[in-house]
1. Treating only the Cβ of Lys, Arg, Asp and Glu as charged (+1, +1, -1, -1), what charge dipole size does the range 25-68 show about its Cα centre? Round to the nearest 20 debye.
2. Compute the distance from the alpha-carbon center of the range 155-214 to that of the range 17-43, in whole Å.
3. I want to verify the translational diffusion coefficient of the range 118-184 in µm²/s; compute it with Stokes-Einstein, Rh as the Kirkwood radius over Cα pairs, at 25 °C and 0.890 mPa s.
4. Over 30 Å between Cα atoms: which of 13/83; 13/155; 155/211 fall into that group?
5. For residue 73 and residue 24 in the same chain, what is the full-extension length gain: residue separation times 0.36 nm, less their Cα-Cα distance, in nm?
6. With viscosity set to 1.002 mPa s at 20 °C, what whole-number translational diffusion coefficient in µm²/s follows for the chain from Stokes-Einstein and a Kirkwood radius over Cα pairs?
7. In which sequence would 209, 222 go, from the one with the fewest C-beta neighbours within 10 Å to the one with the most?
8. For the range 94-216, take every pair of Cα atoms, bin their distances at 10 Å starting from 0, and report each bin as a whole percent.
Amino acid sequence: MGVRILVVEDEPKVANALGSGLAAERYDVCLASTGEDAFFLINEESFDLVVLDLMLPRRDGLEILRALRKQGLATPVLILTAKDTIEDRVQGLDSGADDYLVKPFAFPELLARVRALLRRGRAEQALRLRHDDLEMDLVTRKVARGTQALELTGKEYEILEYLLRHQGRVVSREMLAHDVWKVTARATPIDNVIDVTFARLRRKVDESFPKKLIRTIRGVGFVLGGELR
């Protein structure tokens with residue numbers, strides 16, 4: 001999964017170009033075409049950066065940005081707009097934007113802005129996932145509980161990242177099959193593979209520690225910490 005970027009853009013050609021370009025740079029990209037869709041996604045999922053067009057149908061970008069900042073969301077936001085007056089820039093930055101890019105722009109410049117925002121102190125927190133004494137560094141891909149490093153395989157790492165991004169919520173085998181294994185049609189063999197891999201991960205995360213972080217909800221799925229919601 002890696003670094004997740006939400007692109008909020010209502011022009012299909014621009015949205016698809018941004019999505020393809022960022023995906024080619026190995027970012028995990030999600031697209032939204034309206035302010036309402038973006039607001040819902042940001043409240044339901046975790047993103048490391050939001051690329052937000054200001055001119056959106058129904059709820060404009062500034063309205064969405066103000067609402068998110070009012071909720072205390074610290075995710076870096078890069079605004080895209082066709083407006084280039086000083087007043088527009090000030091309004092965007094005062095509303096909580098971290099950077100501002102005027103259309104039309106060259107894609108390499110957008111990439112440079114994205115990298116700069118992800119390097120900032122605010123993004124450093126977003127690039128580390130934590131629960132209790134469990135910490136995952138998305139840049140170095142190192143995982144530890146307290147001072148003890150956990151040696152994970154690629155799939156174990158991906159499952160744990162998925163659990164950390166959905167902590168407190170039930171994660172089903174269907175979700176893991178679709179989002180981690182990228183399998184659209186589930187079958188018994190993939191469920192078996194998921195169970196075996198998950199069991200190995202759970203031993204590494206919990207077996208040597210008095211406090212257990214991962215729970216199985218019989219017949220439903222798995223939960224990393226927190227109250228069920």
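FYI, it's all coordinate maths here, none of it is from the lab. Being a predicted model, the structure only gives us computed values, none of them experimental. Cβ coordinates were reconstructed from backbone atoms using ideal geometry, including for glycine residues, and neighbour counts include every protein chain displayed.
1. Numbers: 4 positive and 10 negative charges, 32 e Å.
My answer is approximately 160 debye.
2. About 24 Å separates the Cα centre of the range 155-214 from the one of the range 17-43.
3. Details: Rh = 12.9 Å.
My calculation gives 190 µm²/s for D.
4. Values: 13/83 19 Å; 13/155 34 Å; 155/211 23 Å.
Over 30 Å Cα-Cα: 13/155.
5. Numbers: separation 49, 0.36 × 49 = 17.64 nm, distance 2.73 nm.
Once the chain is fully extended between residue 73 and residue 24, it gains 14.9 nm.
6. On the way: Rh = 19.1 Å.
Rounded to a whole number, D works out at 112 µm²/s.
7. Details: 209 14, 222 23.
The fewest-first ordering by Cβ neighbours comes to 209, 222.
8. 11, 34, 27, 19, 8, 0
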